[in-house]
Amino acid sequence: MSRANARGTLARMERADAAQRLTELRERIHHHDYLYYVEARPEVADAEYDALVRELRELEAAFPELVTPESPTQRVGGQPVEAFRPVAHRVAMLSLDNAASPADLREFEARLARALPGAAFAYVCEPKIDGLGVALLYARGRFVRGATRGDGRVGEEITANLRTIRSLPMVLRGPLAALEEVEVRGEVYMPRAEFAQLNRGLEEAGEPTFANPRNAAAGATRQKDPAVTARRPLDAFLYHLSSAPGLPVASHWEAVELLRGAGFRVNPRTARCASMDEVIAYCARLEAARDALGYDADGVVVKVDALEHQRRLGSTTHHPRWAIAFKFAARQATTTVQAIEVQVGKTGILTPVAKLAPVELAGVVIRNVSLHNEDEIRRKDVRVGDTVLIERAGDVIPYVVQVVAARRPSDAEPFQFPDRCPACGGVAFRPEGEAYWRCTNTACPAQLKERLRHFGSRRAMDIEHLGEAVIEQLVERGRVKSFPDLYDLGVEEVAGLERHAQKSAENLVQAIQASKGRGLARLLNALGIPMVGERVAQLLAARFGTMDRLLAAGERDLAEVHGIGPRIAASVVAFFADATNREVVARLAGAGVEMAEAGVDEGPRPLTGKTFVLTGSLPGMTRDAARDLIQRLGGRVVGSVSRKTDYVVAGEAAGSKLDDARRLGVAVLDEAAFLDLTRQAS
Ligand code: IVH
């Protein structure tokens, strides 16, 4: 039916027919919303769904008196409000008692047993969603009112805002739909992925971002204009049937099933546990899985299953006695910035670090947190004296989420990045286009200490006992000015340092001597060449085998190594071009430090000086394998053919490079001839 036709039909439609069709359309749309938003398994294509909504809108436009508040078209229909109306909760929305450990959970069970001697308890466990508690009222199956928790007794009416949450049913199904009045409770939250997307959008628009999904969800539910809420990606899990008079329900588990059957989103991780052992295992499993949940959960809510037990246990004014929240280790905390220090790294990079009033986070006491660089400090506007929200999630290094603006002291000044190295007073410099300031003094003792610490670290020369305190003294006394000095240290001398007994001096000297045999890869990592970390060091060692060969290599040779780009190549060449660095290497070699990598072929390198170009695909080997073979035998692989090219190795579908070779008279090899050459050569 065309649209014009549809309108014509609408105008002639009887009111009674329209009412019937409206009911039908709304039911179908509710059904599809349920499949899409609650079960995430839509049955119809978007176009088909859109057609239903369009028909509904047109019919409602023709019969405005038939529009109902729970119609799918009314999800964003509310008018902006001046203020939220207070709502007195019929049953108080209580808090939960907390358990921090399995022992606390056992104690909870012991309390239950004391209160109801002889009872056998089963439990229901649910993720504790870090969102906003809400209470929803349905009258004869229709959503009539939604409220925030507020202070637990009186909340705020946010019906229009809650309607915008597409997974919240406007019309119930099953036994709950028949009741005069039903109250359910749950948590409104913002999924993590949507939160990240929202923040990206806000950031691009130059607007302030939210610190976490909970704050974003809180902001959205308390919008005065429901149209704004509708644009914020909220969702909800329902977990409590707080009032369903007249319905026989024996357990929380049954209540959850009723919620599910009525069309509510119920957390799929809800589980029934027959014993406290099972509860404890559930808590451990969920804590391990918390990063994979897609939403923030800060613990597990453990509830006694039998409603008869719940009734007999009752509540305190603060919390029900039949439930407890097992809290995961905290990941966010607030603390104050006592100072901002600038630390000097091994290559002279100056890193600002916030010194914090110590605070425990996920089982670790945090005293420092990196502020990364000048731009980061400016972006977050972190100042000395500020209260900051810090987070440490999983393996992530702690970081400042944001400053708590309301708690900024009136005299807090913006942080001024120093233009001198705080350690040596040398000139600090921020190169154009870089985020970092650097100390330009190569003799800076702070850099030296950092370099020594790195030199001895586990993945570099692995020198046990070369701790910060020793390094500090060796540098301050001028005894160690560069790496090779370490290898001249004698036991007596080390024993003369503060807090060094004879035995520990022996251990350190022995560890230093033992580090001589670590091999080229570790040595290259240890030298602290800019842009050369463990992986690049391994690639270089595997490729060149000895320090001499590496020193002889030019930028182009280096850049040919798979995994090493031109910037790294340039950095390596620049490092070894420096006379001081060359002398360091020579002295290390003189001290007996191993300059080769064990296991790297040191056989003949007969292709030395020969230049190859690879083109087309070879039948029996990949291009990478061919390149590796040439390089291992000392040859070079370049990208284009010139008169200086010795060989072009051409496979299937070779293109213009083959033409160039012919034109310039360069020898062309197929795979067989190439392999012959390498065999003759070796
Ligand atoms: S049950 C009487 N179950 O945690 C029933 N609460 O700290 C008490 N919460 O106010 C609530 N997930 O907002 C319950 N699965 C869950 C929950 C949950 C999150 C919130 C709720 C409550 C707060 C208590």
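Scanning segment 195-227 for residues that are aliphatic (A, V, I, L, M), surrounded by 14 or more Cβ atoms within 10 Å (Cβ to Cβ) and at pLDDT below 85 gives L202, A211. Kindly list, by first and then second residue, each pair from a residue in segment 636-652 that is loosely packed, with under 14 Cβ neighbours inside 10 Å to a residue that is not in a strand (DSSP E or B), limited to pairs with Cβ atoms under 8 Å and residues at least 6 apart or on different chains. Going by the 8 Å Cβ cut-off, the qualifying pairs are S640/K657; S640/D660; S642/L664; R643/L664; R643/V666; E652/G616; E652/L618; E652/P619. Looking across L35, L116, one residue alone is farther than 30 Å from M13 by Cα and either within 16 Å of the ligand (Cβ to nearest atom) or in contact with an Asp or Glu (Cβ under 9 Å, 6 or more places away or on another chain) (or both). It is L35. The set of residues in segment 660-680 that are surrounded by fewer than 15 Cβ atoms within 10 Å (Cβ to Cβ) and under 29 Å from G565 (Cβ atoms) contains only L664. The listed residues are V593, V536, V561, and the only one of them that is in contact (Cβ under 8 Å) with a residue 40 or more places away in the chain, aliphatic (A, V, I, L, M) and within 20 Å of R636 (Cα to Cα) turns out to be V561. Would you be able to say whether some residue in segment 172-186 is in contact (Cβ under 8 Å) with a residue 40 or more places away in the chain, within 13 Å of the ligand (Cβ to nearest atom), touching a helix residue (DSSP H, G or I) at 6+ places or on another chain (Cβ under 7 Å) and farther than 20 Å from R90 by Cα? No, that holds for no residue. Between L633, L677, the distinction of being aliphatic (A, V, I, L, M) and more than 47 Å from the chain's Cα centre (by Cα) belongs to L677 only.
Looking only at helices (runs of 4 or more DSSP H) that lie completely in segment 573-682, which have at least 2 residues being among the β-branched types (V, I, T) and within 21 Å of V532 (Cβ to Cβ)? Working first, answer last.
Values: elements: 579-590, 623-632, 656-664, 671-681.
Counting at least 2 such residues, we get 579-590.
Residues that are in contact with a helix residue (DSSP H, G or I) (Cβ under 9 Å, 6 or more places away or on another chain) and either loosely packed, with under 15 Cβ neighbours inside 10 Å or polar (S, T, N, Q) (or both) within segment 112-134 comprise A115, A119, listed in sequence order.
Rundown of residues vs (1) of a type outside the set (S, T, Y); (2) under 17 Å from A569 (Cβ atoms); (3) touching a helix residue (DSSP H, G or I) at 6+ places or on another chain (Cβ under 7 Å); (4) without any contact (Cβ under 8 Å) to a residue 60 or more places away in the chain, yes/no style:
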position: E472; (1), (2), (3), (4): yes, no, yes, yes
position: D488; (1), (2), (3), (4): yes, no, no, no
position: L524; (1), (2), (3), (4): yes, yes, yes, yes
position: A553; (1), (2), (3), (4): yes, yes, yes, yes
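Among the residues of segment 369-388, those that are on the phi < 0 side of the Ramachandran plot and charged (D, E, K, R) comprise E374, D375, E376, R378, R379, K380, R383, D386. Of the numbered criteria (1) touching a strand residue (DSSP E or B) at 6+ places or on another chain (Cβ under 7 Å); (2) modelled with pLDDT of 95 or more; (3) within 16 Å of the ligand (Cβ to nearest atom), the one H89 fails is (2). In segment 319-336, of all residues being more than 12 Å from the ligand (Cβ to nearest atom) and assigned to a strand (DSSP E or B), the one that is surrounded by the fewest Cβ atoms within 10 Å (Cβ to Cβ) corresponds to T334. The listed residues are D386, D411, D375, and the only one of them that is among the charged types (D, E, K, R) and buried (at least 17 other Cβ atoms within 10 Å of the Cβ) turns out to be D386.
Restricting attention to segment 214-242, which residues are of a type in the set (A, V, I, L, M) and touching a helix residue (DSSP H, G or I) at 6+ places or on another chain (Cβ under 7 Å)? A216, A220, L234, L238, L241, listed by residue number. If only residues of segment 228-281 that are within 14 Å of the ligand (Cβ to nearest atom) and of a type in the set (S, T, N, Q) are counted, the one that is nearest to the chain's Cα centre (by Cα) is N267. Within segment 128-171, being acidic (D, E) and within 16 Å of the ligand (Cβ to nearest atom) holds for D130, D151, E156. Of A511, A505, A521, all but one fail to be surrounded by fewer than 18 Cβ atoms within 10 Å (Cβ to Cβ) and farther than 14 Å from R451 by Cα; the exception is A511. Surrounded by 12 or more Cβ atoms within 10 Å (Cβ to Cβ), aliphatic (A, V, I, L, M), more than 16 Å from the ligand (Cβ to nearest atom) and assigned to a helix (DSSP H, G or I): is that true of A61 in this structure? It is true that A61 is surrounded by 12 or more Cβ atoms within 10 Å (Cβ to Cβ), aliphatic (A, V, I, L, M), more than 16 Å from the ligand (Cβ to nearest atom) and assigned to a helix (DSSP H, G or I). Each residue in segment 337-372 was checked for being surrounded by 16 or more Cβ atoms within 10 Å (Cβ to Cβ) and assigned to a loop (DSSP other than H, G, I, E, B), and 7 pass.
With the structure loaded, tell me whether A323 is touching a residue at least 40 places away in the same chain (Cβ under 8 Å), over 30 Å from T442 (Cβ atoms) and aliphatic (A, V, I, L, M) or whether it fails that test.
It is true that A323 is touching a residue at least 40 places away in the same chain (Cβ under 8 Å), over 30 Å from T442 (Cβ atoms) and aliphatic (A, V, I, L, M).
Any chance segment 310-318 includes a residue that's within 14 Å of the ligand (Cβ to nearest atom) and either in a strand (DSSP E or B) or crowded, with 20+ Cβ neighbours inside 10 Å (or both)? Yes, segment 310-318 has at least one match.
Being touching a residue at least 24 places away in the same chain (Cβ under 8 Å), part of a helix (DSSP H, G or I), closer than 30 Å to H252 by Cβ and in contact with a His (Cβ under 9 Å, 6 or more places away or on another chain) is a property that holds for L112.
The values are calculated or read from the model by the stated rules, or taken from the named source; none is laboratory data. The shown structure was predicted, so the numbers you read here are calculated from the model rather than taken from an experiment. Methodologically, a virtual Cβ is constructed for each residue, glycine included, from the backbone with ideal geometry; neighbour enumeration extends over all protein chains shown.
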